[in-house]
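Working notes, beginning with the structure itself.
The values are calculated or read from the model by the stated rules, or taken from the named source; none is laboratory data. Predicted model only: the values in this text are computed from it and were never measured. Using ideal geometry, Cβ is built from the backbone for each residue, glycine included, and neighbour counts are taken over all protein chains shown. To get the accessible areas, we keep the full protein, side chains included, count just its heavy atoms, and leave off ligands, DNA and RNA. Shrake-Rupley method; radii C 1.70, N 1.55, O 1.52, S 1.80 Å.
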Amino acid sequence: MKRFFACLLALGLLLTCAGCLQTDSPEHFGYALAIGFDRGETMPYVVSLLLQKTKTDSESQNNSGFLLVKSECRSLLEAAELLSASLPLEINFARTALIVINLSLLTEAGMLEELLDVPVSRLRIRYNTMVLSSVTPAYDTLEGLSNELDPSIGRICANLESYRDRTGLLPLTNLTGLFEAMRGELYDAMIPLCGVTNEAPKALPTRDSVGTHEYAYIGGSLLVESSMKTSLAGAVLLRGGRMAGFLDGQNVQLAMMIMGDYRQGRRRIVTPSGMELTVFLRADKRPRTRFTLSPIPSAAVTIPLVAYVEAPGNPDSTEQETIRAIQTALKNDADNLLACCKRLGCDTLRFGTHAVKCFRSTEGWEAYRWKTVYPAMRAQFDFDVTLLHSLNESELE
Amino acid sequence: MNLRQGRIGNQEAVAMAFLSCIACGVFSTNTKLTYAAGNGSYLVSAFSATLSLLLVTVVAEGMRRARCKNLAQLYRYAFGPVLSAPAAFITLIALIYAAAMPLVRLLMIMNHYIYILDNVQNVALYLIPCVLTLAWMGLEIIGRTARLFFVVIVLSFFVALIIAIPAYAPYRLYPLLGNGLASTARLSLMGINRFFPALIGLFICGAGVHGVNSSLRCASIAAFGGGLVVVVIQLLLGMTFPYYILSDIPAPLYRLTMALPSGSMFLRADKVLLFFWLLSGLVTAGYFAYSGALLFSGASNMRDIRPASAAVALTVCSVALMGQLNLSAFHAAVSFLQDKVWALLVLPPLLAAVLAMLKKRGAA
């Protein structure tokens, strides 16, 4: 009997511990799926939030999709508070998957750190949140993400990843990568460039920072027409947290080959004889990098690739000549890309991640000041190309 | 005598100490301090686990020579009936600290990421019945609970590590020695408080774990296995985030699955896994609360452990809650203690063991 009453008492006590069971339903929250940052007029920033609309039983199906709100403010924290009060919703950043930053905010040193450093930890934004830079206002870019297909932000991000893997034309950067690049001396980040299709071409120079103007499409100047207004290609090069230049899709592809992030893609190559080849290139293995620090930092990078000439179908040259033509073109492009990065002072190709391996203590590495030494470094690129005669057939067919 | 001790087998004892090693090894790490000057936390964990095992081996030798079945007997033998109670009290304080630290982190994660709108006091209320029940019911229940959840909890840690594979980049581990050997040695010494309590707990409950030899065997397995799991976790954490980001994250393991290039597929994996990790924290808190109470009861000749174990369990939960509240005096005390706790933990049993060895030698 005594035990029975003890159990009853324990049960009663447990029921009083219902502190977490409040009446907050999911509709009470406004989940910010994407955040946009623009320069403000009266306040320093305009923060746009793409909020997820939650379906409830009593509401119609039309209520699904996004709700775009914006606020002028001094920081993201302030914007979250202002919008929470006016909507009224408890703004939650647990599901944030995308951050879009207008290019004008990347031109000043320290602005990116100010925008993201404190809010990411205070608002518990996930470190895998993808970061994009936008040629057009971030608000317009976020608005352009919606169309009649009603894609979710998760699906858009997954599609970008798949596009990166299939083409190599797009670098993807998340908050971990961005913070790692901004706070440390290891390397500099490269952020994908996006924009609203009709507006972007006017806002950008015709050439990228390497000087490429052949086949150069960057930030929303893709020749496509769709109901989804936002499109994306190419990248912004950062030096620390500040914009240093642009890369078009083809140079991004090359940078990814050198960094080891490349899987496959299509590339237009001009042979020494002036012939244009469209070559499908697939990464055979990860690139091998031999790095030495003294007397000056030097790297020898070997990049194994498998190539298949798609057009013209039968180039009027031998296999060895074709391989040599592809190797020469890739090597020249890689040399130009490195020269551009060194000129801009940004270690986009991540040679710092190899340099750090030569040090025994963090103190020694930090005292070395890699970024000051980097412009003097030398690199030799060797593209180990194997030519395929068929892409889809096995050796036995 | 109502010490709620009974007898547990080797599997239960190993599971109990193993889980405590992992919970403390992962969730008691002071990230600000550990990652302040580089990413050598995996080395630090390996050295700390080894040092802890060496220290308990010395304690075991002292107990063997003095023919003591548990640590309370060793304290009484070495320090005498008057001084044994204060010595046990010092160990008890250190055990409360060791039990509360994983709970502080787990409570923080629950409050910040799951029960966002609720206040921390309400969330902390749920810890009390679990820790109190375990400490009240005694060694057998703690051992069996640990064994029951052992495989699932260990697997949950590995699931998180497997999910995060795409985010690993080995260059983040460089420079390999962190900030050099001196810094690694200093952090290893301070890290003893992450492994030593789990191992010394087995000697406190020595009578229930079939004596000193059995306790030492279980402690060796737990230190090696638990230490290895912690080293792997720290190594892979170091490959996921650079050290200057890790030093800003209080519970990096919880952020591990959020560091993937695309986390949408595993959006809720972190929350599911957290509840298994919480189980490890609760078992650890119950185990340390019971061990502390048993040591204090034994050293001060108390015949019933229940008042002491209830008081210690409630203190552990209160300390865990205070860790989350804005109490400046409490935080100042914890900051003062955190690099000295290892000494509080190690000195009384080590001194007792040395004294016991000297006494024995003198008697012979």
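Dividing the summed helix terms, -39500 (n - 2.57) for each DSSP H run of n ≥ 4, by the number of residues in the protein assembly as shown produces a 222 nm estimate of -17000 deg cm²/dmol to the nearest 500. Ordering of A:250-257, A:276-283, B:233-240, B:129-136 by packing is A:250-257, B:233-240, B:129-136, A:276-283, highest average first (other Cβ atoms within 10 Å, averaged per residue). What is the calculated FRET efficiency for residue A:328 to residue A:68, with r their C-beta to C-beta distance and R₀ = 51 Å, to the nearest 0.05? So the FRET efficiency works out to roughly 0.55.
Taking Cα atoms only, the orientation of helix B:269-299 departs from the longest principal axis of chain B by about 20 degrees. Can you work out the base-10 log of I(q)/I(0) for chain B at q = 0.11, 0.13 1/Å, using the Debye formula on its C-alpha atoms alone? Each listed q maps to, in turn, -0.69, -0.97. Relative to the Cα centre, the charge distribution of the range A:277-397, modelled as +1 at Lys and Arg Cβ and -1 at Asp and Glu Cβ, gives a dipole magnitude of about 1020 debye. Multiplying the residue separation of residue A:276 and residue A:296 by 0.36 nm and removing their Cα-Cα distance gives an extension gain of 3.5 nm. Neighbouring Cβ atoms from other chains, within 10 Å of the Cβ of residues in A:353-366, number 6 on average.
A simple rule links phi to the HN-Hα coupling: the Karplus curve 6.51 cos²θ - 1.76 cosθ + 1.60 with θ = phi - 60°, which for the range A:73-79 gives 6, 9, 7, 5, 4, 5, 4 Hz, with x for Gly and Pro.
Peptide B:177-183 is shielded by partner chain Cβ atoms: per residue, an average of 4 of them sit within 10 Å of its Cβ. Placing unit charges on the Cβ atoms of the charged side chains and taking the dipole of the range B:1-157 about its Cα centre, the candidate lying farthest along the positive direction among B:131, B:109, B:78 is B:78. Beta bridges per DSSP, both residues in the protein assembly as shown: antiparallel share near 65 percent. Phi-derived couplings, Karplus 6.51 cos²θ - 1.76 cosθ + 1.60 at θ = phi - 60°, listed residue by residue for the range B:318-332: 5, 5, 4, 5, 4, x, 9, 8, 8, 10, 5, 5, 5, 5, 5 Hz, with x used for Gly and Pro. Projecting the alpha carbon convex hull of the range A:239-397 along each direction and taking the average yields 11.3 nm². Less than 5 angstrom separates the built amide H of residue A:95 from those of A:32, all sequence-distant by 5 or more or on a different chain.
Just so you know, the averaged projected area of the alpha carbon convex hull for the range B:134-204 sits at 7.3 nm². Need one word for the range A:317-397: rounded, prolate or oblate. Basis is the Cα gyration tensor (sqrt eigenvalues a ≥ b ≥ c); a/c below 1.5 gives rounded, then a/b vs b/c decides. The shape class here is prolate. Take the accessible area of chain A alone and of chain B alone, subtract that of the pair, and you get about 3400 Å² summed over both chains, using a 1.4 Å probe.
Here the alpha carbons of the range A:263-357 define both size measures, Rg and Dmax, at 15.6, 47 Å. Computed over the range A:67-158, the quotient of the alpha carbon radius of gyration and 2.2 N^0.38 Å is 1.11.
Distance from the alpha carbon centroid of the range B:10-37 to that of the range B:147-220 works out to 5 angstrom. When the alpha carbon coordinates of the range B:1-106 are projected onto the principal axes, the ranges are 47, 29, 25 Å, largest first. Please give the FRET efficiency for residue A:9 paired with residue B:314, using the beta carbon to beta carbon distance and R0 = 22 Å, rounded to the nearest 0.05. The formula returns an efficiency of 0.85 here. Calculation over all alpha carbon pairs of the protein assembly as shown in 10 angstrom steps from 0 returns a P(r) of 3, 13, 20, 20, 17, 13, 8, 4, 1, 0 percent.
Per residue, the convex hull around the alpha carbon atoms of the range A:228-312 comes to 174 Å³. Annotation: amide H-H contacts under 5 Å for residue A:348 (H modelled 1.01 Å from N, sequence separation of 5 or more, or interchain): A:188. The coefficient of translational diffusion for the range B:194-346, derived via Stokes-Einstein from the alpha carbon Kirkwood radius under 4 °C and 1.567 mPa s, stands at 71 µm²/s. Bridges between two residues of the range A:253-397, per DSSP, are antiparallel at a rate of about 65%. Using the Karplus relation 6.51 cos²θ - 1.76 cosθ + 1.60 with θ = phi - 60°, the per-residue 3J(HN,Hα) values for the range B:208-225 come to x, 10, 6, x, 5, 4, 5, 4, 5, 4, 5, 5, 5, 5, 5, 5, 5, x Hz, with x marking Gly and Pro.
Helix B:341-363 and the long axis of chain B differ in direction by around 30°, with both axes built from C-alpha atoms. Checking the cross-link pairs A:331/A:357; A:70/A:371; A:342/B:32; A:357/B:32; A:357/B:271; B:32/B:271 against a 29 Å limit on the alpha carbon distance flags A:70/A:371; A:342/B:32; A:357/B:271 as lying beyond it. Does anyone have the angle between helix B:139-163 and the longest principal axis of chain B? Alpha-carbon axes, 0 to 90°, nearest 10? Around 20 degrees separate the two axes. Rounded to the nearest 0.05, the FRET efficiency derived from the C-beta distance between residue A:114 and residue A:84 at R0 = 25 Å is 0.70.
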